[in-house]
1. Starting from the amide H of LEU8, placed 1.01 Å from N in the peptide plane, find each other amide H under 5 Å away whose residue is 5 or more places distant or on another chain.
2. Provide the packing ranking of 30-41, 3-14, i.e. peptides ordered by the mean count of other C-beta atoms within 10 Å per residue, highest first.
3. How much length, in nm to one decimal, is gained on full extension between THR42 and ILE28, taken as 0.36 nm per residue of separation minus their Cα-Cα distance?
Amino acid sequence: MDTLPAALSVPAASKYLSISRANLYALIKAGALTPAKIGHRTVIRRVDADAFLEKALVSRQQPKPTPRVVDEGIFG
């Protein structure tokens, strides 16, 4: 059985998320993903990559519309 490691290298994380390395680094810079440094290597924890995907999925859902309040003024 082939299992993924707990930490993904930058190339592996970009492949796992189906994004470019540049986009991955942009997400790190924006604070959307937290990197870990192991020696000179930058890695992304797989659980953080999964949480990022889950958050991206949830944020794409349409919000429920709020009822519109009509101000009828003093004559309404």
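FYI, it's all coordinate maths here, none of it is from the lab. Every value quoted in this text rests on a predicted model; they were computed, and no experiment measured them. Positions of Cβ are generated from backbone atoms using ideal geometry, with glycine treated the same way; all protein chains shown enter the neighbour counts.
1. Those lying under 5 Å, H to H, from LEU8 are ILE44, ARG45, ARG46.
2. 3-14, 30-41
3. Gain on stretching THR42 to ILE28: 4.0 nm.
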